[in-house]
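Report on one structure; see the data block that follows.
Throughout, read-outs are computed from the coordinates displayed, never taken from laboratory work. Since we're looking at a predicted model, the values are computed, not measured.
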Amino acid sequence: MRRWTGVLSLAALGLIACRSASLPPQPWTTVTVTSGPASGLEDGQIAELANSMDVQQIEAARLGVLRAADPDARDFARALLDECKRLRGDGLGLLEERGIALEASSVSEQYEVGAREELAALGNQPPSLFDRAFVESQIAAETRQLELLDHLLAPAARDGRLRADLARRRRTLVQRRGEAEHLLVARFPRQ
C-alpha cells in the first residue's frame, strides 16, 4: 500500500470549493494528518467523516430541491438527495453489522463546521444566482470529498468492508461530479 504523508488542508480544499462555486472563502482550519495507520484515525473516525459528508450532501440537496428554479437543477438535487440518503443508510448499516461506532475527530468536526458555513453561504445566494451556485457547489464538494477519500480515509481504513464501502463511495462521487459538470456546461454556461 502506498503511503501518503503530508498536510491535508481543509482550508485549501474549502477555498477551492468556494472559488468554484462563487461563494466567499470559508475559514477552514488546516489539519495536519498522516494517512494510513499512522494517521491515528480509527475506523469509527473514518466512518464519522464519511457520515458527515453524507449529511452535508443531504442538506445541500434538500436546499437545491427547495430553491432551484431550473427543472434540470431541481431534478439533479432530487437524485442527489435520494442517492445520498441511500449511501448514508448503507454506510450506517455496514457499521452496525461490523460493530464500528461513529467517533468524532478534529477532522470531522472541522469538516462539519466548514460544510455548515458553505451551506449557509449557498442559502444566501439570490434566486437569480442560486441554480448555478448550487451546481458549482456540488462539483466543489464532490472534489473535496474525493480528496479526503483518496488521501485520508481510504488509506487509513483498516476494516476490509469499510475500505470497500469507501471505494464504492468514490465511484459514486466521480459519477455524480461528472453529471454535475455536464449540467453546469449544458444549463449554466458562463456568459
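What the table below lists for this structure:
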quantity: Whether region 41-187 is rounded, prolate or oblate, judged on the alpha carbon gyration tensor where a/c under 1.5 counts as rounded; calculated: prolate
quantity: Using θ = phi - 60° and Karplus 6.51 cos²θ - 1.76 cosθ + 1.60, couplings along region 98-104 (whole Hz; Gly, Pro as x); calculated: 8, x, 9, 8, 5, 9, 5
quantity: Net lengthening on full extension, ARG161/VAL185 (0.36 nm per residue, minus Cα-Cα); calculated: 5.0 nm
quantity: GLU42 long-range amide H proximity, modeled H, under 5 Å; calculated: none
